[in-house]
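The values are calculated or read from the model by the stated rules, or taken from the named source; none is laboratory data. Note that the coordinates shown come from a computational prediction; the quantities given were computed from them, not determined experimentally. As a convention, Cβ positions derive from the backbone with ideal geometry for all residues, glycine included, and neighbour counts pool all protein chains shown.
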Amino acid sequence: QVQLVESGGGVVEAGGSLKLSCEASIRDFSSKTMAWYRQAPGKQRERVASVAAGGTTNYADSVKGRFTASRDNVKNTLYLQMNSLKPEDTAVYYCNRLYPYVAWGQGTQVTVSS
């Protein structure tokens, strides 16, 4: 059964840091490109980072230099280290495959206060 469980969100002041985790029950996790997405109120879901099977990463311009995505293929877990957080980073954060998606998890709320 496919399952994605995100955790690590919270409320933080601007300039602060959070580290998100995603436990993924996905067949062949270690061979799949995984990604982090976020959805702010009233906005479409957007991809913020991806991590290929071998660890190569790509980032949206809005988070480049501040966020770092990584993975542990033994633990089937995806991570997102978020530094220098800004109020515009406030959103629900999700993980999923790059494409095609599997069933979405519940996400984890990140709120950055100014």
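Within the stretch 4-37, the set of residues being over 17 Å from S70 (Cβ atoms) and among the basic types (K, R) comprises just one member, R27. Inside the stretch 3-52, residues that are of a type in the set (A, V, I, L, M, F, W, C), under 16 Å from R97 (Cβ atoms) and either at pLDDT 95 or above or surrounded by fewer than 14 Cβ atoms within 10 Å (Cβ to Cβ) (or both) make up a count of 11.
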